[in-house]
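Written below as structure tokens is the structure these notes are about.
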């Protein structure tokens, strides 16, 4: 039989190939060993919501302009947090004002945030993206403004007027190196006390063309500032003689606050989409009364998780007469139809999802 070769240390009767095998195994274990995974430090998330709900008997009184909304736990009514204030899963930001809770600074917990404004929708023009509120010039003739997805433009070439009264034959011509057409007059200057008829006609034509060259843009009416009672709705338009972007406002009243509409729901039904008072009445503002009686429609309510919002509406002008003899006219939202659906995050809070409210059927103005 083959002889077994021992190590030089004769006191150790370990075969040489056994020592080599053990040494190799030890080296292999060192090479194949992997670093132990790092376990992140555990932390306990703050529990802001507690059930069952415990709400005060009377809802809080919010400062003027601050909305009273359902808290993030779907438990109690609370005053909405305003821009720059701390928010969390319970304390919601004022979505009526277009605010949301920005958690980006609280990494990795994402428990506390700060109320910030939602950025409006940008615009695209010839492949170029513009931010909401950004003003730009697509060419030398127009100055445009991006307003939440809509582009409104005004002409930059309509400020010039015909030459002075001494010009008998004013003409607008294209001048090299200039963007807009210019008025020229090749005739010799002749004094004159009054403007020639043809000059005045040309000036009148320029004024008429001002509106013809205007690219009319009008945004949708914003959601009513209040869920019940009289509120205000806004929009931006350049549909005016100056073709300038202006802010328009109108009064709105989605539903009366002091009426229990739910009791008017028919037996076996869960919603009343339209509510109307028993008889026509006058509108009143600051002691002034509308000159005519009106019988408006209001959006109703549901006894389940649905909410009712305006579906079709228009804008009407209402004349008011004051006790001192003065008067004024206000634009007022006139509701034609409402619909009730399950798109509300919080029961009967019609402004939870603002995008649902952009009126689908704005009739006329």
Put in order of increasing Cβ neighbours within 10 Å, starting from the fewest, 154, 246, 66 give 246, 66, 154
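For segment 68-117, state the semi-axes of the equivalent ellipsoid (square roots of 5 times the eigenvalues of the alpha-carbon gyration tensor), sorted largest first and rounded to whole angstrom. Before the final figure, lay out each step's value.
Numbers: eigenvalues 63, 33, 9 Å².
Equivalent-ellipsoid dimensions as semi-axes: 18, 13, 7 Å.
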Please arrange 136, 328 by how many other C-beta atoms lie within 10 Å of their C-beta, fewest to most.
328, 136
Under the 0.36 nm per residue contour assumption, what length would be gained going from the current alpha-carbon distance of residue 137 and residue 74 to full extension?
18.0 nm
Express in whole angstrom the spacing between the alpha-carbon centres of segment 64-81 and segment 296-312.
20 Å
Find the eigenvalues of the gyration tensor of the Cα atoms of segment 298-346, then list the square roots of 5 times those eigenvalues as equivalent ellipsoid semi-axes, largest first, in whole angstrom.
34, 12, 7
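Could you line up 333, 245 from fewest to most neighbouring Cβ atoms inside 10 Å?
Ordered by Cβ neighbours within 10 Å, fewest first: 245, 333.
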Here the gain from full extension of residue 183 to residue 292, 0.36 nm per residue of separation minus their alpha-carbon distance, amounts to 34.1 nm
Residues of segment 265-285 with amide nitrogen under 12 Å from the 7 Å Cα-to-Cβ point of residue 322?
285
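What is the packing order of peptides 54-60, 268-274, taking the mean over residues of other C-beta atoms within 10 Å and listing the highest first?
Working: 54-60: 8.9, 268-274: 14.4.
By packing density, highest mean first, the sequence is 268-274, 54-60.
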How far apart, in nm, are two points set 7 Å out from the Cα along the Cα-to-Cβ line at residue 276 and at residue 109?
5.6 nm
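Read the figures in this text as sums done on the coordinates, not as results from a lab. Remember, it's a predicted structure, so these values are computed and weren't measured experimentally. Please note: Cβ atoms are built from the backbone with ideal geometry, for glycine as well, and neighbour counts cover all protein chains shown.
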